[in-house]
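**Student:** Please read through the structure below; I'll follow up with questions.
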Amino acid sequence: MDNFLFLILQILTGLLWSITYILIIKQGFRDKASGMPMAAICANISWEFIFSFVYPHEGIQRIINIIWFTLDIIIMVQYLKFGRKEFGKNIPIKFFYSVFLLTLTLSFSIIIATVYEFNDLEGKYAAFAQNLMMSVLFIALLVKRRSMKGQSIYIAFFKMIGSFIPALAFYFYFSSVLINLFSAATFLFDLIYFALLYNQFRKKEECFAMNK
């Protein structure tokens, strides 16, 4: 693939995921709910910190990573502010924070281990693996809540396209059966998530129309 075209896809990925994060933040404040599952938050923040400051990417990608890291800090704060009530009222607050800290520590450690195991200083294996995890967790969050609280079809759409663009770029630029499998599975779960949210949206609109 031409380097200029790869750069365009790289910038487009950065833009689409930044929009996704901004929409999650906006919806989270609107609904007073965390818009991203805890494990996904921990994995994202860990990846972005590692490849911004520990093994920093070069050029535009490092700038993108830092922007993502900053946005994910806000999403993390939202989770710590709104997420505790989903644990249940009888759960001690220390337990809630302890579970989050443990998940964050494990996420950071696993990504570092993946770097060494695959000799992957670009973090591509960890990135595509955790993106697949995120797609599954978003569906689980929707099923658990049984509502669109903290979520929207716009978040689902930009997440899906933001995941598809780098998958396309790596398909041509970096041949990997494992990454291609991660990408295909991620796109499938993103389609399912979008369809589920769209169905919820239609039901909400129908209920609103009936009550008018």
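The values are calculated or read from the model by the stated rules, or taken from the named source; none is laboratory data. All of these numbers come straight from a predicted model, not from anything done at the bench. Quick reminder, even Gly has a Cβ in these numbers, built from the backbone with ideal geometry, and neighbours come from all protein chains shown.
**Student:** Would a scan of segment 89-96 turn up a residue that is closer than 20 Å to G150 by Cα and touching a Ser or Thr at 6+ places or on another chain (Cβ under 9 Å)?
**Tutor:** From segment 89-96, those closer than 20 Å to G150 by Cα are 89, 96; that's our starting set.
Filter once more, keeping what is touching a Ser or Thr at 6+ places or on another chain (Cβ under 9 Å): none.
Checking segment 89-96: not a single residue is closer than 20 Å to G150 by Cα and touching a Ser or Thr at 6+ places or on another chain (Cβ under 9 Å).
Rundown of residues vs (1) under 16 Å from M36 (Cα atoms); (2) surrounded by fewer than 13 Cβ atoms within 10 Å (Cβ to Cβ); (3) free of Cβ contacts under 8 Å to residues at least 40 places away in the same chain; (4) in contact with a Lys or Arg (Cβ under 7 Å, 6 or more places away or on another chain), yes/no style:
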{"position": "I153", "(1), (2), (3), (4)": "yes, no, no, no"}
{"position": "K159", "(1), (2), (3), (4)": "yes, no, no, no"}
{"position": "Y173", "(1), (2), (3), (4)": "no, no, no, no"}
{"position": "L191", "(1), (2), (3), (4)": "no, no, yes, no"}
{"position": "N199", "(1), (2), (3), (4)": "no, yes, yes, no"}
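**Student:** Considering only residues that are more than 24 Å from F128 (Cα to Cα) and within 16 Å of the chain's Cα centre (by Cα), which ones fall in segment 40-94? Outline the logic, then answer.
**Tutor:** First, pick out the residues of segment 40-94 that are more than 24 Å from F128 (Cα to Cα): 77-78, 80-94.
The answer is V77, Q78.
**Student:** For residues in segment 111-128 being surrounded by 17 or more Cβ atoms within 10 Å (Cβ to Cβ) and not hydroxyl-bearing (S, T, Y), which is farthest from the chain's Cα centre (by Cα)? If you could, list the steps in order and put the result at the bottom.
**Tutor:** Taking segment 111-128 and keeping what is surrounded by 17 or more Cβ atoms within 10 Å (Cβ to Cβ), we get 111, 114-115, 123-128.
Imposing the further condition that a residue be not hydroxyl-bearing (S, T, Y) reduces the set to 111, 115, 123-124, 126-128.
Values: I111: 15, V115: 20, G123: 15, K124: 15, A126: 13, A127: 10, F128: 11 Å.
For segment 111-128, the residue satisfying everything is V115.
**Student:** Need pairs with beta-carbon distance below 9 Å; first residue on the phi > 0 side of the Ramachandran plot and within segment 110-126, second among the aromatic types (F, W, Y) and surrounded by 16 or more Cβ atoms within 10 Å (Cβ to Cβ); sequence gap 6+ or separate chains.
**Tutor:** G123/W47; G123/F51
**Student:** With the requirement that a residue be closer than 17 Å to A156 by Cβ and either at pLDDT below 95 or of a type in the set (A, V, I, L, M) (or both), what does segment 171-193 give you?
**Tutor:** A185, L188, L191, I192 - these are the residues of segment 171-193 that are closer than 17 Å to A156 by Cβ and either at pLDDT below 95 or of a type in the set (A, V, I, L, M) (or both).
**Student:** Can you find, within segment 1-24, the residue that is farthest from I41 (Cα to Cα) among those that are free of Cβ contacts under 8 Å to residues at least 12 places away in the same chain and under 22 Å from the mean Cα position of the chain (by Cα)?
**Tutor:** Of segment 1-24, the ones free of Cβ contacts under 8 Å to residues at least 12 places away in the same chain are 2-5, 8, 15.
From what is left, the residues that are under 22 Å from the mean Cα position of the chain (by Cα) are 8, 15.
Details: I8: 26, L15: 19 Å.
This residue is I8.
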